[in-house]
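Below you'll find the structure, written out as structure tokens, and then a few comments.
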């Protein structure tokens, strides 16, 4: 038990050692879970089960912490670009043969791209990892990566919903402002005969012809707004 505590609080520093810890640790956790199921099936002493469960809980937390740390390190690796590829280790030789892509680094660590993405997801959601660990302690359960990813997905859906609502409100506000301004702007202009005369005299022939067409279009658009409002008013009265 003491060894597990040390592993949890003092994780390896290099990504290679962290990867080994996770790969071996996941197998160990699977074995401990199997032991717990066997204990339950054979109805062995409760203290033996508690010891195994505590071991699984501590190892599961250590593995989550290690995977978060791997995610932190993976995010620091730039994606391979022409003339700028990540070298798994710092080297003085700049030849292409010594350079590795992020994909190669991940594979050499013993993981696939999907696993790497999950580690980076854990890294980006440390608060949820801690939430799952605390939740498991409170329920005397074993924290899992699956639970973390589930909560991350739910959080993403909530954030997307909020973002969509903000966009909807923003669009509604913009539309209301634009139409209201279009309606009320004309009311703020002095359209007395005197002012219309001044305005008209300042127009050349081509401008007058163009404005006649524009006025017809504007009248039609204002009429469309008026008809729409009337139709809505009729519906409200019917209801």
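Brief remarks follow.
- Selected residue (only one of 167, 137 is touching a residue at least 60 places away in the same chain (Cβ under 8 Å), exposed (fewer than 15 other Cβ atoms within 10 Å of the Cβ), outside the structural domain of residue 221 (by TED's automatic domain parsing) and assigned to a helix (DSSP H, G or I)): 137
- The residues listed here are 215, 203; of these, the one that is free of Cβ contacts under 8 Å to residues at least 12 places away in the same chain, more than 38 Å from the chain's Cα centre (by Cα), part of a helix (DSSP H, G or I) and outside the structural domain of residue 60 (by TED's automatic domain parsing) is 215.
- Taking the numbered list (1) at pLDDT below 90; (2) within 45 Å of the chain's Cα centre (by Cα) in turn, residue 224 passes all entries but (1).
- Residue check for residue 41: assigned by TED's automatic domain parsing to the domain that holds residue 146, at pLDDT 90 or above and either surrounded by 11 or more Cβ atoms within 10 Å (Cβ to Cβ) or under 24 Å from residue 137 (Cα atoms) (or both): no
- Looking across the stretch 101-134, the residues that are in contact (Cβ under 8 Å) with a residue 24 or more places away in the chain and under 14 Å from the mean Cα position of the chain (by Cα) come down to 118, 120, 121, 122, 123, 124, 125, 126, 128.
The values are calculated or read from the model by the stated rules, or taken from the named source; none is laboratory data. In this text the structure is predicted, and so the values were computed from the model without any measurement. Cβ atoms come from the backbone with ideal geometry, glycine included; neighbour counts cover every protein chain shown.
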